[in-house]
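Read-outs: derived from the displayed coordinates by stated rules, not from any lab. Worth saying up front: this structure is predicted, and the values here are computed from it rather than measured. Don't worry about glycine lacking a Cβ; one is built from the backbone with ideal geometry, like all the others, and counts go over all protein chains shown.
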Amino acid sequence: MKITGRTKVVGVIGHPISHSLSPIFHNAAFEYLGLDFVYVPFSVRPEELKTALRAVRALNIVGINVTVPFKEKVISYLDELSPEASSIGAVNTISNEDGKLVGYNTDEEGFIRSLTREGKFDPEGKSVLLLGAGGAAYAISFALIKAGIKKLVLTNRTEEKARRLLSHLRKFFKDKCELCFLEFSRRNSPEVMRKVDLFVNATSVGMRPDDPVLIKPHLFPQNTFVYDIVYNRETEILRAAKKRGLSCMGGLDMLIYQGALSFEIWTHQRAPVEIMRKALKEKGCCVI
Ligand SMILES: NC(=O)c1ccc[n+]([C@@H]2O[C@H](COP(=O)([O-])OP(=O)(O)OC[C@H]3O[C@@H](n4cnc5c(N)ncnc54)[C@H](OP(=O)(O)O)[C@@H]3O)[C@@H](O)[C@H]2O)c1
């Protein structure tokens, strides 16, 4: 990579950020296409978020990905939102258009592309059990309902957050899908599990080897598809799903597709998804 006076800078803000895999596959894609761009991780302390956004303008940074814990908070510093970012209430991509900061959410489309293209799973008419009610769960529930699922059962450790997400969804999709709350303590009950076509773990649980195992995949029927959006390792849920012979996938493909969509917003060029995946594989990241 050769950095010159004309090199365009994009990057990611988060706290912490050192674990980010995005620089690996974005920089590989820029290099492959011969684009004069560089992708840089920026560790931003929460109290510096406003200053960091002003710096994006001041330094003429072309685009920024946004990760934990800023996806919701960043909205108040932006000039405009895409319809998806506005309805989900979270931004993971910012485009600096001549000083105007526009916020997008590519997690929604990134999730559905990974599920349908890589997982070969068609969500239409299916029953889904979704675990989690954080930013990722918002994007994923929007994606699944728009893709035509029949029923969404939502559970989360903090009940209030699950109920908040459900009432948010009801505002947008009143009659489009059956929306149900499930008490967290009932998540492994056989009468719930036997009706699940697709299970999604949208929590951060599983990132560390000593994390609790929240779901017992051996209780799912043989045709259940298990999707764990954790992407830094093969989680215990995925390992158990594989052992049971269920179709399953981890979060790396969602990471790649949401990144590919950000890439396209910034560069106006089609993202080389296979090159991005290869770059991660070469770094030892497990693409399931
Ligand atoms: N693959 C991808 O492209 C992609 C994209 C976005 C996010 N992610 C990953 O998805 C995960 C969630 O991200 P997020 O933005 O939604 O984070 P978040 O807003 O902080 O939400 C975290 C979620 O995890 C739950 N949780 C955390 N610790 C728990 C525990 N010990 N037991 C039960 N539930 C627990 C939280 O439950 P409470 O509400 O009870 O706290 C909440 O539902 C992160 O690991 C992130 O890296 C992956």
Which FRET efficiency, nearest 0.05, do residue 6 and residue 160 yield, Cβ-Cβ r, R0 51 Å? 0.55
So for 177, 248, fewest C-beta neighbours within 10 Å to most, what's the order? 177, 248
Can you tell me the order of 62-71, 24-33, 85-94 when each peptide is scored by its average per-residue count of other Cβ atoms within 10 angstrom, highest first? 85-94, 62-71, 24-33
Rounded to whole Hz and in sequence order, give me ³J(HN,Hα) for the range 200-208 from the Karplus expression 6.51 cos²θ - 1.76 cosθ + 1.60, θ = phi - 60°, writing x for Gly and Pro. 10, 8, 10, 9, 8, 6, x, 5, 10
Please state the equivalent ellipsoid semi-axes for the range 1-151: what are the square roots of 5 times the Cα gyration tensor eigenvalues, largest first, in whole Å? 29, 19, 14
Relative contact order of the range 108-250 (C-alpha contacts under 8 Å, at least 6 apart) in percent is 21
Given the C-alpha centroids of the range 1-77 and the range 196-274, what is the distance between them in whole angstrom? 24
Apply the Debye scattering formula to the chain, with a single equal point scatterer on each alpha-carbon and no solvent, then give log10 I(q)/I(0) at q = 0.13, 0.16 Å⁻¹. -0.88, -1.29
At most 13 other Cβ atoms within 10 Å and a DSSP loop assignment: could you name the trypsin sites (Lys or Arg not before Pro) in the range 86-131 that fit? 120
Tell me which residues come under 5 Å, amide H to amide H, from residue 40 once H is placed; ignore anything under 5 positions away on its chain. 10, 11, 12
Could you please rank 77, 227, placing first whichever residue has the fewest other Cβ atoms within 10 Å of its Cβ? 77, 227
Computed label-point distance, nm, for sites residue 45 and residue 122 using a 7 Å Cα→Cβ extension: 5.4
For residue 211 and residue 247, what is the calculated FRET efficiency with R₀ set at 22 Å and r taken between the beta-carbons, to the nearest 0.05? 0.45
With a/c under 1.5 counting as rounded, go ahead and sort the range 1-68 into rounded, prolate or oblate using the C-alpha gyration tensor (a ≥ b ≥ c being the square roots of the eigenvalues; past the cut-off, prolate if a/b is larger than b/c, else oblate). oblate
Using a Förster distance of 41 Å, the FRET efficiency for residue 98-residue 171 (Cβ separation, nearest 0.05): 0.75
Which loop GluC sites (Glu not before Pro) in the range 154-205, with loop taken from DSSP, have no more than 16 other Cβ atoms within 10 angstrom of their Cβ? 183
Relative contact order, percent, of the chain when contacts are C-alpha pairs under 8 Å separated by at least 6 residues? 16
Which lysines, if any, have their Cα less than 18 Å from the Cα of residue 151, not counting same-chain residues under 8 positions apart? 126, 171, 174, 176, 195
7 Å from Cα along Cα→Cβ at both residue 194 and residue 218: what's the point-to-point distance in nm? 1.8
Compute the Cα gyration tensor for the range 93-175, then decide on rounded, prolate or oblate, letting a ≥ b ≥ c be the square roots of its eigenvalues: rounded whenever a/c is under 1.5, prolate when a/b is larger than b/c in the other cases, and oblate in all that remain. oblate
Residues 249, 276, 207, sorted so that the one with the fewest Cβ neighbours within 10 Å comes first: 207, 249, 276
